[in-house]
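K.L.:
Take this structure, written in structure tokens, and hold onto it; I'll ask about it next.
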Amino acid sequence: MSVAITTVWAGYLISFTTVAEFTIIGGGVIGLSIARALHKRGARRITIIERGTCGREASWAAAGMLAPNAETEAIDDFYRLCSASNALYPQFAAELLEETGIDIELRQTGTLELAFDPAGAEHLAGKYERQTASNIDVERLSGENVLRLEPAVSEDVILGLHYPKDGHVENRKLVTALIAYARKNGIEIIENSEVRIENGQFRIAGPDLSSRDPEVIILAAGAWSSFIKPALSVKPIRGQVLEFDGGKGVLSRVIYGAGAYLVPRADGRILVGATSEDVGFVKEVTESGVRDLADAAVRTVPAIADLKMNDAWSGFRPFAPDGLPVIGEMDGMFVATGHYRNGILLAPVTAELVADKIINGTDSECFRYFSPDRQLFAVGS
Ligand code: FAD
Ligand code: GLY
């Protein structure tokens, strides 16, 4: 009996999965990762609708750090989500290499957070105590031992915290690989087309104007998500990043330094980030942003002063009022947004959760913790 029910249910799932039309609003790392995860579970009619060019907003501007441990002091639901995603990365990277030939340059070489003055050292010492009390994987290093690990760091360093499980990835190669996966596997990508919901009706504005009535809608529009669903109250927090060239071999791992972080790339580029500014959708690089980041980078790693500054850009982190991701069902659509400072890190786990829920009906506590309906959004929704 139970076998018969399972067979009927499985048959329904297979036909739903292959026949249903899935429409994803937004072609950033979150929308692209969800498209891939749906496809890997058998979905065949998947469309990504992107206002501009896929992968060119926050997911392109990011630095690609995977830092669940450096960025927490307690083991809470958010930490568990971040750690779960970090643990998915080796398989995610290996599969994307196999599927697309693109190496997303995953490096799980650890991360260092450094202090250069007594106040900074006191802060790090307190953080170390709180993190070890919470069983977070962290090591305390003297200035001398920091310099053994990273000789290019300023000799003024007096204390370091080392997070051996943190790392980084080349996020631009990641979105390039996800786009390649989509193109190879018949996932339709419609670019330069903006989705609007007008009077409850799904509309697409752009050259590819077509009327659609999608069965399953997934909202992954990053910092713009509230234009579709105002109750989400997601807003942009601008981050500026600088890129230096010619730094091959200077650093082996991500460094959180004196007012900036530094992220080495395999080809010798070093990224320096980032500002955090509540200025709306103004995509600018400012004189003070560049100056403050460059000064902080040189104080942390003096050799940066002799490198060529190649590029500078800004992007918009999608920020929900409590700073946590928003993942779950809302008004007949699925929402995956609000990933704020950690969307690159959280892409694999978000995609797995959303695809498992949509295709297999698999529930997770995460849909409660990160629900769009959480108290926060009840007001004004
Ligand atoms: P996006 O990449 O912004 O994609 C959303 C897409 O939706 C866009 O392409 C947009 O054009 C499209 N869109 C919007 N509205 C519509 C519409 N109506 N119709 C169709 N398409 C629409 N995270 C980390 O994990 N590690 C880091 O080191 C890191 N560093 C960062 C540094 C900076 C400076 C910034 C800005 C962010 C950083 N982040 C980092 C955060 C990370 O980049 C984001 O959380 C993540 O990229 C969000 O992905 P997304 O797909 O939701 O958004
Ligand atoms: N996670 C790094 C940033 O958002 O700047």
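The values are calculated or read from the model by the stated rules, or taken from the named source; none is laboratory data. No experiment lies behind these values; they were computed from the predicted model shown. Cβ: placed from backbone, ideal geometry, glycine included. Neighbour counts: every protein chain shown. We work out accessible area using only protein heavy atoms, side chains counted, and drop any ligands, DNA or RNA first. Shrake-Rupley method; radii C 1.70, N 1.55, O 1.52, S 1.80 Å.
K.L.:
How long is the gain from residue 245 to residue 191 if the chain were fully straight, where each residue apart is worth 0.36 nm and the alpha carbon distance is subtracted?
P.N.:
Net length gain for the segment: 16.3 nm.
K.L.:
Quick check: at a probe of 1.4 Å, how many percent of the accessible area of the chain sits on carbon and sulfur atoms?
P.N.:
The nonpolar share, carbon plus sulfur, comes to 51 percent.
K.L.:
Something else: Across the Cα atoms of region 89-224, what radius of gyration and what greatest pairwise Cα-Cα distance (Dmax) are found, in Å?
P.N.:
When restricted to the Cα atoms of region 89-224, Rg and Dmax are 23.0, 64 Å.
K.L.:
Let me ask something else about it. Heads up, I need the accessible area for residue 114: 1.4 angstrom probe, whole protein in place, Å², nearest 10.
P.N.:
Counting only protein heavy atoms, residue 114 exposes about 10 Å² to solvent.
K.L.:
Is the C-alpha gyration tensor of region 19-111 telling us rounded, prolate or oblate? Criteria: a/c under 1.5 is rounded; beyond that, a/b larger than b/c is prolate, otherwise oblate.
P.N.:
prolate
K.L.:
Calculate the FRET efficiency for residue 199 and residue 322 from the Cβ-Cβ distance with a Förster distance of 41 Å, rounded to the nearest 0.05.
P.N.:
0.85
K.L.:
By per-residue mean of other Cβ atoms within 10 Å, what is the highest-first order of 364-370, 120-126?
P.N.:
For the peptides 364-370, 120-126, the packing ranking is 364-370, 120-126.
K.L.:
Counting alpha carbon pairs within less than 8 Å and at least 6 residues apart, what relative contact order, in whole percent, applies to the chain?
P.N.:
Relative contact order, the chain: 22 percent.
K.L.:
Work out from phi, with θ = phi - 60° and the Karplus expression 6.51 cos²θ - 1.76 cosθ + 1.60, the ³J(HN,Hα) of each residue of region 337-342, listed in order in whole Hz, and give x for Gly and Pro.
P.N.:
8, x, 6, 6, 8, 10
K.L.:
Oh, and also: Can you give me the long-range amide H partners of residue 275? Hydrogens built in the peptide plane at 1.01 Å from N, cutoff under 5 Å, separation of 5 or more residues or another chain.
P.N.:
Residues meeting the amide H criterion: 240.
K.L.:
For the pairs 173/308; 283/308; 127/229; 40/283; 165/248, note any where the Cα-Cα span goes beyond 29 Å.
P.N.:
In this structure, 127/229; 40/283 exceed 29 Å between Cα atoms.
K.L.:
Let me ask something additional. Could you order the peptides 172-183, 306-317 from most to least packed, using the average number of other C-beta atoms within 10 Å per residue?
P.N.:
Packing proxy ranking, top to bottom: 172-183, 306-317.
K.L.:
Additional query: Expressed as a fraction of 2.2 N^0.38 Å, the rule-of-thumb size for a compact globular protein of N residues, what is the C-alpha radius of gyration of the chain?
P.N.:
In units of the globular-protein estimate, the chain measures up at 1.02.
K.L.:
Report, to the nearest 10°, how far helix 171-184 tilts away from the longest principal axis of the Cα atoms in the chain, using its own Cα long axis and a range of 0 to 90°.
P.N.:
20 degrees
K.L.:
Ok, one more. Could you state the number of Å between the C-alpha centres of region 107-125 and region 244-286?
P.N.:
Cα centroid of region 244-286 versus Cα centroid of region 107-125: 17 Å apart.
K.L.:
Let me ask something else about it. Please determine, in degrees from 0 to 90 and to the nearest 10, the orientation of helix 343-355 with respect to the longest principal axis defined by the Cα atoms of the chain, where the helix direction is its Cα long axis.
P.N.:
20 degrees
K.L.:
Still on this structure: For the chain, what is the accessible area per residue in Å² when the probe is 1.4 Å?
P.N.:
Value for the chain: 43 Å² per residue.
K.L.:
Next question. For the full complex of protein chains and a 1.4 angstrom probe, list 79, 89 by accessible area with the highest value first.
P.N.:
79, 89
K.L.:
Only bridges with both residues in the chain count here: give the DSSP antiparallel percent, nearest 5.
P.N.:
70 percent
K.L.:
About the Cα centre, and with charges only on the beta carbon of Lys, Arg (+1) and Asp, Glu (-1), how big is the dipole of region 80-201? Nearest 20 debye, please.
P.N.:
Rounded to the nearest 20 debye, it is 300 debye.
K.L.:
Right, here's the next one. With every protein chain left in place and a probe of 1.4 Å, what is the accessible surface of residue 102, to the nearest 10 Å²?
P.N.:
So the heavy atoms of residue 102 present about 40 Å² to solvent.
K.L.:
Per-residue counts of other Cβ atoms within 10 Å, averaged by peptide: what ranking do you get for 258-265, 329-336, 141-148, 216-223, highest first?
P.N.:
Put in order of decreasing packing, that is 216-223, 258-265, 329-336, 141-148.
K.L.:
In degrees from 0 to 90, rounded to the nearest 10, what is the angle of the helix 118-133 Cα long axis to the longest principal axis of the chain?
P.N.:
50 degrees
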